[in-house]
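The values are calculated or read from the model by the stated rules, or taken from the named source; none is laboratory data. Only a predicted model underlies this, so the values are computations on that prediction, with no experimental measurement involved. Methodologically, a virtual Cβ is constructed for each residue, glycine included, from the backbone with ideal geometry; neighbour enumeration extends over all protein chains shown. What goes into the accessible areas is simple: the full protein's heavy atoms, side chains included, and nothing from ligands, DNA or RNA. Shrake-Rupley method; radii C 1.70, N 1.55, O 1.52, S 1.80 Å.
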Amino acid sequence: MLTVTNVHKAFGDNKILQGVDLAINKGDVVVILGPSGSGKTTLLRCLNFLEQADQGTATFSDLQVDLAKATRKEIYAVRQKTAFVFQNYNLFANKTALDNVTEGLITGRKWAKEAARQKAREALAKVGLNGKEDLYPSQLSGGQQQRVGIARALVLEPDIILFDEPTSALDPELVGEVLEVMKTIAQEGTTMLVVTHEMSFAKEVANHVIFMDGGRVVEQGDADAIFLRPKEERTKQFLRRVLPQEYNYQI
Amino acid sequence: MDIAFFKQALGIAFSGVPLTLLVTVVTLIIALPVGFFLTLVRMKRIPVIHQLIGIYLSFIRGTPVIIQIFVLYNSIPLLIAGVAKGKFDVYAIHPIWYAFVIFSFGMAAIVAEIVRGALQTVDKGQLEAAYSVGLTVPQAYRRIILPQMLTAALPNLCTATVNLVKATSLGYAIALPEITLRTKVAANAGYHYVEAYTAIFIVYLLICLLIEYAFHKTEQRVRRYQGGIAC
Ligand SMILES: Nc1ncnc2c1ncn2[C@@H]1O[C@H](COP(=O)(O)OP(=O)(O)OP(=O)(O)O)[C@@H](O)[C@H]1O
Ligand SMILES: [Mg+2]
């Protein structure tokens, strides 16, 4: 479904991505773990052309693009196939919850207004926000805002949704409601690439876990393989730091 | 105080209002898009063009309006005459055309500064989110960035518009028959200057109050999404 090969990206002399490869099948939930600064956000941003890679290719089903020199048309085409959920939500501040969700359909995809609204209402209901359609982002809690963010991505029915630490800006008591929604849509077969520090989500929901460090994929495998039988020293070190004590004896 | 003349002067001053408003509105219609465009071009930091725009902005910021008027009023005819090569009489051009050009020239620079400040108040993530749901660059600006920018820009635009109305009173220097010039001419005959200036004073005050009111109402409307009025 999505194959990514040899992505490189530097900011000045600072090499952030140094040859990342990925393969994601339809319906997969892939979690990317890694220490701060390892290039996780940069990788997702390159895939959505929010950042231009220096090298690398991505193949979305039938569409192959050069991440370093895609044409404007290719960039729009990729963005039609993908959606992004941001760490700090980035809801359109001047639009209500409902209009946030319809924007991509009406302006981006030229849907008729009423059909778009209908579909957006369904998406908002799915993330548990019936009755909040007419509120502005400033009137919603962080957890509610992020659920609108997920509905805004979901409504586009993209081939894949990219999540960049969707819960790390939230107050601890609001994390659960967002993870719950992500779990639901994962079980419905949404293909997801998720950068997160929520190990419980990775363990329960991911069918593939990637550990990144220093701009490279250090180790990958299914959740059990990574959490219970990590091979690389760097993976072990990282897990020792982030996993709650109770799991430590397993490593 | 000659009450009879004061009333007459008030009538004359009001007769200049349409021209003052016409110059103001046409100037805004030209300066708003031009100023916005200047800022966008400036953000691209293209060599030479970037510096040229910078010089233009400092010229406007650093010189009195009356000097801008004199400089442009005297150089534009030379330019046109040079291009037209005697095919028409540049001195037959009605001063209102000069007014449009001169005031737009100044106002575009002011708008550019306002737009630059207002753009900085909009989070970069808004643009990225717009791209991520498949909007094109013009769509993202029109639907997401411009409306949010507007809330930050409106108070400054209000001040700039009021200043523009007041600046049009300098139109007398190019024989533009607006409020000030008309009333002053009427006053000359009987030396009724106090009455004339009081009338002018009242008319400008009324126009500016109305403009401020209109901006305030607009601001309330566009600020709705921020949950209350910040000012
Ligand atoms: N626009 C930029 N300009 C310069 N450096 C950047 C830019 N964006 C990111 N970086 C640098 O790239 C490095 C990797 O950043 P990135 O955000 O991809 O890491 P991350 O793995 O997502 O980390 P975190 O877990 O903290 O979110 C960081 O050191 C950051 O300073
Ligand atoms: Mg990050």
> Going through the range A:218-243 one residue at a time, which ones are crowded, with 20+ Cβ neighbours inside 10 Å and in a helix (DSSP H, G or I)?
Replying inline: A:Ile226, A:Phe227, A:Thr235, A:Phe238, A:Leu239
> Going through the range A:186-217 one residue at a time, which ones are surrounded by fewer than 19 Cβ atoms within 10 Å (Cβ to Cβ) and on the phi > 0 side of the Ramachandran plot?
Replying inline: A:Gly189, A:Gly214
> Counting just the residues of the range B:128-144 that are more than 24 Å from B:Thr218 (Cβ to Cβ), in a helix (DSSP H, G or I) and open to solvent by 30 Å² or more (accessible area, probe 1.4 Å), which one comes out farthest from the other protein chains (Cβ to nearest Cβ)?
Replying inline: B:Val137
> Name the pairs whose Cβ atoms lie under 6 Å apart, with the first residue in the range A:104-126 and in contact (Cβ under 8 Å) with a residue 40 or more places away in the chain, the second surrounded by fewer than 23 Cβ atoms within 10 Å (Cβ to Cβ) and in a helix (DSSP H, G or I), and 6 or more positions between them or separate chains?
Replying inline: A:Leu105/A:Ala116
>> Out of everything in the range A:98-137 that is of a type in the set (Asp, Glu) and farther than 24 Å from A:Leu179 by Cβ, what residue ends up being farthest from the chain's Cα centre (by Cα)?
In response: A:Glu114
> Which one of these does A:Asp54 not meet: (1) open to solvent by 40 Å² or more (accessible area, probe 1.4 Å); (2) within 13 Å of chain B (Cβ to nearest Cβ)?
Replying inline: (2)
>> Being part of a helix (DSSP H, G or I) and of a type in the set (Asp, Glu) is the filter here; which residues of the range B:103-127 pass it?
In response: B:Glu113
> Considering only helices (runs of 4 or more DSSP H) fully contained in the range B:145-231, which possess at least 3 residues that are away from chain A (no Cβ under 14 Å), without any contact (Cβ under 8 Å) to a residue 12 or more places away in the chain and of a type in the set (D, E, K, R)?
Replying inline: none
> Checking A:Leu63 against (1) over 18 Å from the mean Cα position of the chain (by Cα); (2) aliphatic (A, V, I, L, M); (3) within 16 Å of ligand 2 (Cβ to nearest atom), which single condition isn't satisfied?
Replying inline: (3)
> Quick one: how many residues across the range A:39-55 are within 14 Å of ligand 2 (Cβ to nearest atom) and closer than 10 Å to A:Ala68 by Cα?
Replying inline: 2
>> From the list A:Leu140, A:Leu239, exactly one residue is closer than 19 Å to B:Ala129 by Cα, over 16 Å from the mean Cα position of the chain (by Cα) and touching a residue at least 12 places away in the same chain (Cβ under 8 Å). Which is it?
In response: A:Leu140
> For the range A:161-174, how many residues are more than 14 Å from the chain's Cα centre (by Cα), within 16 Å of ligand 1 (Cβ to nearest atom) and more than 14 Å from chain B (Cβ to nearest Cβ)?
Replying inline: 1
> Pick from the range A:1-21 the residues that are in contact with a helix residue (DSSP H, G or I) (Cβ under 8 Å, 6 or more places away or on another chain) and open to solvent by 10 Å² or more (accessible area, probe 1.4 Å): which of them is nearest to ligand 2 (Cβ to nearest atom)?
Replying inline: A:Ile16
> Here are A:Gln144, A:Gln87: which of them is closer than 29 Å to A:Leu43 by Cβ, out of contact with any Lys or Arg (no Cβ under 9 Å at 6 or more places or on another chain) and modelled with pLDDT of 95 or more?
Replying inline: A:Gln87
> Mind checking whether some residue in the range A:57-77 is within 11 Å of chain B (Cβ to nearest Cβ) and open to solvent by less than 20 Å² (accessible area, probe 1.4 Å)?
Replying inline: no
